[in-house]
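Peer 1: Okay, handing you the structure first.
FYI, it's all coordinate maths here, none of it is from the lab. All figures in this text were calculated on a predicted structure; none of them were measured in a lab. Every residue, glycine among them, receives a Cβ derived from its backbone with ideal geometry; neighbour counts consider all protein chains shown.
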Ligand SMILES: C[S@@+](CC[C@H](N)C(=O)[O-])C[C@H]1O[C@@H](n2cnc3c(N)ncnc32)[C@H](O)[C@@H]1O
């Protein structure tokens, strides 16, 4: 479903304490932004924020950064984050939200940032051969992430799309990752830490199976 343009979204986001405006200013210094040395986990393509709001509000000792390119969804993520933290009577001090083009991610993170986990949930499958380099799991992207992902850091990847999943298994292996966990059906896999995303809910209602893997940087 296409979301309508929301011209008011950007000023509202910019007045939010946990929305980062000058994204490139903090390269190599993300721990200073959080004012602590806790681990940092990243969600790429957070959409409406259902996943990150639940995860971050339940893990106060980890810092989270959620990125998406569209203000129309980021504004919904902002609201979800506020709701989830308020339900838990907490302030959203361990989360930052930002609008950024993930293809250019090395402009905002470098080796000094040492990110411990990256979540990629239901990214666009980009089927055409000449578009595949835009996949968030493409080796071009994995090689960018490797620069700031810590050694033994993990990428957790979920999709409903079998061709993308099959190709991504090869992408991870080619790019120096070890796949430590893999399932073709997350719901029956017994994996207990799953948090459902908005797209996951929609695909499950349509009867699709969800594929999931955890790849470690070695
Ligand atoms: C299919 S949605 C999935 C959203 C959410 N992760 C979920 O599972 O419900 C993909 C999201 O990734 C964002 N996205 C796709 N490519 C991106 C890119 N290159 N840079 C930043 N965001 C991107 C889109 O704007 C969209 O919100």
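Peer 1: Return the tail of the calculated pair distribution for segment 55-177, meaning the percent of Cα-Cα pairs more than 25 Å apart. Show your work: numbers first, answer last.
Peer 2: Working: 2228 of 7503 pairs.
Cα-Cα pairs in segment 55-177 separated by more than 25 Å: 30 percent.
Peer 1: Once fully extended, how much extra length lies between residue 205 and residue 128, figured as 0.36 nm per residue of separation less the alpha-carbon to alpha-carbon distance? Walk me through the numbers on the way to the answer.
Peer 2: Working: separation 77, 0.36 × 77 = 27.72 nm, distance 2.68 nm.
Roughly 25.0 nm would be gained on extension.
Peer 1: Please give the length that would be gained between residue 106 and residue 32 if that part of the chain were fully extended, namely 0.36 nm times their separation in residues minus their C-alpha to C-alpha distance (nm, one decimal).
Peer 2: On the way: separation 74, 0.36 × 74 = 26.64 nm, distance 1.81 nm.
Between residue 106 and residue 32, full extension yields an extra 24.8 nm.
Peer 1: Between residue 6 and residue 191, what FRET efficiency comes out of the Förster formula 1/(1 + (r/R0)^6) with R0 = 41 Å and r the beta carbon distance, rounded to 0.05? List each step's numbers first, then the result.
Peer 2: Numbers: r = 35 Å, r/R0 = 0.86.
Calculated transfer efficiency: 0.70.
Peer 1: If you bin the C-alpha pair distances of segment 1-106 every 10 Å from 0, what whole percents do you get?
Peer 2: In whole percents, the pair-distance histogram is 15, 50, 31, 4.
Peer 1: When the expected Rg is taken as 2.2 N^0.38 Å, what fraction or multiple of it is the alpha-carbon Rg of the chain? Please list the in-between numbers first.
Peer 2: Working: Rg = 16.6 Å, N = 218, 2.2 N^0.38 = 17.0 Å.
Output field value: 0.97.
Peer 1: A further question on this structure: Arrange the following residues from fewest to most other Cβ atoms within 10 Å of their Cβ: 27, 120. Each step should come with its number before you reach the end.
Peer 2: Numbers: 27 15, 120 21.
Final ranking by Cβ density, sparse to dense: 27, 120.
Peer 1: Remind me, relative contact order of the chain in percent, using alpha carbon pairs under 8 angstrom and six or more residues apart? Don't skip to the end; give the middle numbers.
Peer 2: Details: 401 pairs, mean separation 43.5, N = 218.
This gives 20 percent for the chain.
Peer 1: Further question on the same structure: Just to be sure I understand: with springs between alpha-carbon atoms less than 10 Å apart, which residue in 139, 11, 125 has the highest mean-square fluctuation in the Gaussian network model of the chain?
Peer 2: 11
Peer 1: What distance in nm separates the simple spin-label points at residue 21 and residue 58, each placed 7 Å from Cα in the Cβ direction?
Peer 2: Distance between label points: 3.4 nm.
Peer 1: Does segment 18-59 come out rounded, prolate or oblate, given a ≥ b ≥ c as the square roots of the eigenvalues of its C-alpha gyration tensor, rounded meaning a/c under 1.5 and, failing that, prolate meaning a/b above b/c?
Peer 2: Working: a/c = 2.32, a/b = 1.38, b/c = 1.68.
It is oblate, given that a/c is not under 1.5 and a/b is not larger than b/c.
Peer 1: Which value at 222 nm does the chain reach when only helices count, each DSSP H run of 4 or more adding -39,500 (n - 2.57), with the total divided by all residues and rounded to the nearest 500 deg cm²/dmol?
Peer 2: Numbers: 7 runs with 67 residues, N = 218.
About -9000 deg cm²/dmol.
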